[in-house]
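**Q** Can you read through this structure? Questions will come right after.
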Amino acid sequence: MRAVVQRVSRAAVTVEAETTGQIGPGLLIYAAAAPDDGPDDIRYIADKVAQLRIFPDAQHRMNCSVIDVAGSVLLVSAFTVLADARKGRRPSFDASAPGEVAEPLIDGLANEIRGRGLTVASGRFAAYMQVDAVNDGPICVLLDSRRLI
């Protein structure tokens, strides 16, 4: 499982002119599942999201987590996060799980994050979505449950 995490002042996702999720200060997460992802991958990403110290403390150092600052999470499924653009000019999405496999994994990630005491808003799986966000920093972090180096 891979996730791009952005610290935001606010973020919202819209599907067919309907806002399906929005947050104030917190984290915007674009997440993608691989076909062989499972509970360990979900827990890894959820733990990192909840405990990632990318919010400023009183001395303006990145020492606080989204939990520490009482922030929220906007989780957006985005199979493109697992794209491979090393060859040619068109990215390959072969590493992304098909919808019937990915949807329960992304739902599981949302539930795991909620289980850590965070409010989680979301987009709509497999829908064309428009995301509006104000990146705060800008701070962007790539999380990958399989990356060893």
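**Q** Kindly indicate which of ASP41, ASP47, ASP36 is surrounded by 16 or more Cβ atoms within 10 Å (Cβ to Cβ), among the charged types (D, E, K, R) and not in a strand (DSSP E or B). Walk me through it before giving the result.
**A** Working: ASP47 fails: surrounded by 16 or more Cβ atoms within 10 Å (Cβ to Cβ); ASP36 fails: surrounded by 16 or more Cβ atoms within 10 Å (Cβ to Cβ).
Checking each option against the conditions leaves just ASP41.
**Q** When both residues are 6+ apart or on different chains and their Cβ atoms are under 6 Å apart, which pairs have a first residue that lies in the range 46-75 and is touching a residue at least 40 places away in the same chain (Cβ under 8 Å), and a second that is assigned to a strand (DSSP E or B) and surrounded by fewer than 15 Cβ atoms within 10 Å (Cβ to Cβ)?
**A** Correct list of pairs: ILE54/MET62.
**Q** Still on this model: For the range 50-69, which residues satisfy the criterion of being farther than 14 Å from THR119 by Cα and either in a strand (DSSP E or B) or of a type in the set (A, V, I, L, M, F, W, C) (or both)?
**A** LEU52, ILE54, PHE55, PRO56, ALA58, MET62, ASN63, CYS64 - these are the residues of the range 50-69 that are farther than 14 Å from THR119 by Cα and either in a strand (DSSP E or B) or of a type in the set (A, V, I, L, M, F, W, C) (or both).
**Q** Looking at ALA95, ALA83, ALA110, can you tell me which residue is within 16 Å of the chain's Cα centre (by Cα), surrounded by 13 or more Cβ atoms within 10 Å (Cβ to Cβ), farther than 15 Å from ALA46 by Cβ and not charged (D, E, K, R)?
**A** Values: ALA95 fails: within 16 Å of the chain's Cα centre (by Cα); ALA110 fails: farther than 15 Å from ALA46 by Cβ.
One residue alone meets the criteria, ALA83.
**Q** Among the numbered criteria (1) free of Cβ contacts under 8 Å to residues at least 40 places away in the same chain; (2) closer than 18 Å to VAL8 by Cα; (3) assigned to a loop (DSSP other than H, G, I, E, B), which single criterion is violated by ARG90?
**A** It is condition (2) that ARG90 fails.
FYI, it's all coordinate maths here, none of it is from the lab. What you are looking at is a predicted structure, and each value in this text was computed from that prediction instead of being measured. Glycine gets a Cβ as well: all are built from the backbone with ideal geometry, and neighbour counts include every protein chain shown.
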